[in-house]
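**Student:** I'd like to ask some things about the structure below.
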Amino acid sequence: MDSNPTPRAAIEIADLHLTLTSDAGPVHVLRGIDLGIGKGETVGVVGPSGSGKTSLLMVMAGLEAATSGRVAIAGNDLTGLDEDALARFRRDHVGIVFQGFHLVPTMTALENAALPLEFAGRGDALEMAREQLHLVGLGDRLGHYPGQLSGGEQQRVALARAFVTEPSILLADEPTGSLDQATGETVMAALFDLQARSGTTLVLVTHAPDLANRCGRIVRIADGCVAADDARAAADD
């Protein structure tokens, strides 16, 4: 599949470079990445540890500024946006799921899932959050706090929170990395079910070949570059 950006792509990345500073000098994390991802695509991003997978995701989320190149997500050119504009961009267009659950411990599952809509001033925040929690199988855990939930249940709350704003882009970074295999499968089933329902574009960073192979396309990153991009690829670790 052609990895070059196209005008109709949900994600358009051209000649992306990311250079970070360290005590040993500059570190070239991403080196000239070109990538286009269409609306509704599911893309698994694989590659060795340290290859730049998570950094690429952070640039897509507007959490890391590119050193050079063009990054357009859901029609928004991220180049030059200030922190307030980037926060609005994430609120309106992007859902993010990390390996860590990042739930607020003093809030219930329902309150955690509703949080993005509360920040946006939506009056239907709790209603929408309740619906998402039912979709991930947590309708009977609405009033439970994170400390009262298993790891898999906490990650499903995080999924509900990510999808509650109906984002056009869902970015997931090793979402099952801290879970056992059976629990991870439950979480991924919920993720792909939500993606299929919503038609959200999914970019999934993972070391797990079976998870990558559930995506319609696999992009392999090596040494900060796109080493392979194939809709029929089988991932290996």
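Computed from the coordinates by the stated procedures, all read-outs in this text should not be read as laboratory data. Given the structure is predicted, the values throughout are model-derived calculations rather than measurements. As a convention, Cβ positions derive from the backbone with ideal geometry for all residues, glycine included, and neighbour counts pool all protein chains shown.
**Student:** How do the strands (runs of 3 or more DSSP E) wholly within region 174-233 filter down when requiring 2 or more residues that are touching a helix residue (DSSP H, G or I) at 6+ places or on another chain (Cβ under 9 Å): which remain? I'd like the intermediate steps shown before the answer.
**Tutor:** Numbers: elements: 201-205, 217-222, 225-230.
Output list reads 201-205, 217-222.
**Student:** Return yes when Gly137 is in contact with a Ser or Thr (Cβ under 9 Å, 6 or more places away or on another chain), farther than 25 Å from Leu63 by Cα, in contact (Cβ under 8 Å) with a residue 40 or more places away in the chain and in a loop (DSSP other than H, G, I, E, B) and no when it is not.
**Tutor:** Values: in contact with a Ser or Thr (Cβ under 9 Å, 6 or more places away or on another chain): yes; farther than 25 Å from Leu63 by Cα: yes; in contact (Cβ under 8 Å) with a residue 40 or more places away in the chain: yes; in a loop (DSSP other than H, G, I, E, B): yes.
Against the criterion (in contact with a Ser or Thr (Cβ under 9 Å, 6 or more places away or on another chain), farther than 25 Å from Leu63 by Cα, in contact (Cβ under 8 Å) with a residue 40 or more places away in the chain and in a loop (DSSP other than H, G, I, E, B)), Gly137 qualifies.
**Student:** If you don't mind, there's one more thing I want to ask. Does Val104 satisfy the condition of being out of contact with any Phe, Trp or Tyr (no Cβ under 8 Å at 6 or more places or on another chain) and assigned to a loop (DSSP other than H, G, I, E, B)?
**Tutor:** Values: out of contact with any Phe, Trp or Tyr (no Cβ under 8 Å at 6 or more places or on another chain): yes; assigned to a loop (DSSP other than H, G, I, E, B): yes.
Spelling it out, Val104 is indeed out of contact with any Phe, Trp or Tyr (no Cβ under 8 Å at 6 or more places or on another chain) and assigned to a loop (DSSP other than H, G, I, E, B).
Residue-by-condition table, conditions (1) surrounded by fewer than 21 Cβ atoms within 10 Å (Cβ to Cβ); (2) of a type in the set (S, T, N, Q); (3) more than 24 Å from Met188 (Cβ to Cβ):
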{"residue": "Ile11", "(1), (2), (3)": "no, no, no"}
{"residue": "His28", "(1), (2), (3)": "yes, no, yes"}
{"residue": "Val43", "(1), (2), (3)": "no, no, no"}
{"residue": "Ser51", "(1), (2), (3)": "yes, yes, no"}
{"residue": "Thr54", "(1), (2), (3)": "yes, yes, no"}
{"residue": "Leu63", "(1), (2), (3)": "yes, no, no"}
{"residue": "Leu81", "(1), (2), (3)": "yes, no, yes"}
{"residue": "Val94", "(1), (2), (3)": "no, no, no"}
{"residue": "Val97", "(1), (2), (3)": "no, no, no"}
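**Student:** Mind listing whichever residues of region 139-160 are of a type outside the set (Ser, Thr, Tyr) and more than 17 Å from Thr186 (Cα to Cα)?
**Tutor:** Taking region 139-160 first, the residues of a type outside the set (Ser, Thr, Tyr) are 139-144, 146-149, 151-160.
Those that are of a type outside the set (Ser, Thr, Tyr) and more than 17 Å from Thr186 (Cα to Cα): Leu142, Gly143, His144, Pro146, Gly147, Gln148.
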